[in-house]
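Everything on this sheet refers to the single structure shown next.
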Amino acid sequence: MITVDAEPAPIAFNPRRAAVVIIDMQRDFLQPGGFGESLGNDVSLLARAIEPCRALLEAARRTGLAVIHTREGHRPDLSDAPPAKIERGAPSQRIGDAGPMGRILVRGEPGQDIIPELYPRVGEPVIDKPGKGAFYATDLQAVLLHRHVDVLIVCGVTTEVCVHTTVREANDRGYRCLVPGDCCASYFPEFHEVALRMIKAQGGIFGWVTDSEKIIAALGA
Ligand code: C5J
């Protein structure tokens with residue numbers, strides 16, 4: 001067992017039953033010319049999460065913690081992309097349109113892949129998800145079940161969208177979620193702050209919040 005200093009309280013768990021889940025650290029969200037920028041966002045705001053995620057990923061790999069990556073994206077024929085999602089907002093380019101990194105948010109395109117700094121290693125599951133939550137229309141729950149995982153360390157982007165949705169989905173399924181705030185980022189810094197506060201409020205209504213250094217220290221990495 002290890003204990004991680006967190007809010008609203010320290011959390012103790014067996015690291016053999018924990019997984020680091022890295023949400024959507026994709027070019028489409030973090031680099032110019034992708035989905036994030038097409039929605040009018042300053043994608044440079046997400047870069048702050050890369051180095052803490054890299055350090056945590058390295059510690060997890062070194063200590064044998066399970067690592068799972070997710071990617072938001074759709075089938076090339078867009079048959080799994082709800083028209084309401086494609087039509088939403090006033091983006092300069094829509095899902096499926098050709099951009100400088102390939103078709104926006106389409107599986108198999110360079111833009112939909114994970115940034116090189118955090119690229120998955122062989123044996124680390126990559127969950128392709130059509131929605132914001134990593135459980136919706138994916139086999140994530142089966143992957144966790146077969147690895148006997150009951151604690152999720154949830155990192156990635158964006159804090160209030162795909163990280164939050166996944167934490168909520170996981171919480172309802174009985175997983176304990178620990179969120180290192182420095183491993184998450186948002187195009188809206190105020191949403192990032194409030195999203196973290198929402199997780200740990202009311203005695204940890206959705207989970208626990210900490211930072212990467214505290215997890216790395218507890219792992220003894
Ligand atoms: C968004 C995500 N923000 N990965 N996706 O559309 O948070």
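The values are calculated or read from the model by the stated rules, or taken from the named source; none is laboratory data. Note that the structure is a prediction, hence the values are computed from the model and not measured. Glycine gets a Cβ as well: all are built from the backbone with ideal geometry, and neighbour counts include every protein chain shown. Heads up: the accessible areas ignore ligands, DNA and RNA and are worked out on the full protein's heavy atoms, side chains in. Shrake-Rupley method; radii C 1.70, N 1.55, O 1.52, S 1.80 Å.
In region 1-144, carbon and sulfur make up what percent of the accessible area (probe 1.4 Å)? Reported share for carbon and sulfur atoms: 52 percent.
When you work out D = kT/(6 pi eta Rh) for region 16-58 at 37 °C and 0.692 mPa s, using the Kirkwood radius from C-alpha pairs as Rh and the Stokes-Einstein form, the result is 285 µm²/s. Each label point was placed 7 Å from the Cα along the Cα-to-Cβ direction; for Asp139 and Asp5 their separation is 4.1 nm.
Span-like helix criteria (full DSSP H runs; alpha carbon extent of at least 15 Å along the helix axis; mean Kyte-Doolittle hydropathy of at least -0.5) are satisfied in the chain by 50-63, 189-204.
A convex hull fitted to the Cα coordinates of region 40-138 yields 118 cubic angstrom per residue. So what is log10(I(q)/I(0)) for the chain at q = 0.10, 0.12, 0.14 1/Å, when the Debye sum runs over its Cα atoms only? For the chain at q = 0.10, 0.12, 0.14 Å⁻¹, log10 I(q)/I(0) is -0.40, -0.59, -0.80.
Roughly how big is region 1-110's charge dipole about its Cα centre, with Cβ charges of +1 (Lys, Arg) and -1 (Asp, Glu), in debye to the nearest 20? Charge dipole of region 1-110: 400 debye, to the nearest 20.
How big is the gap, in Å, between the Cα center of region 165-206 and the Cα center of region 39-92? One Cα centre to the other: 16 Å.
Applying Stokes-Einstein at 4 °C and 1.567 mPa s to the Kirkwood radius of region 28-89, computed over alpha-carbon pairs, gives a translational diffusion coefficient of 91 µm² s⁻¹. Partners of Lys200 within straight-line reach, counting lysines whose Cα lies under 28 Å from its Cα and excluding those fewer than 8 residues away in the same chain: Lys129, Lys132, Lys214. Solvent exposure of the chain amounts to 44 Å² per residue of accessible area, where only protein heavy atoms count and the probe is 1.4 Å.
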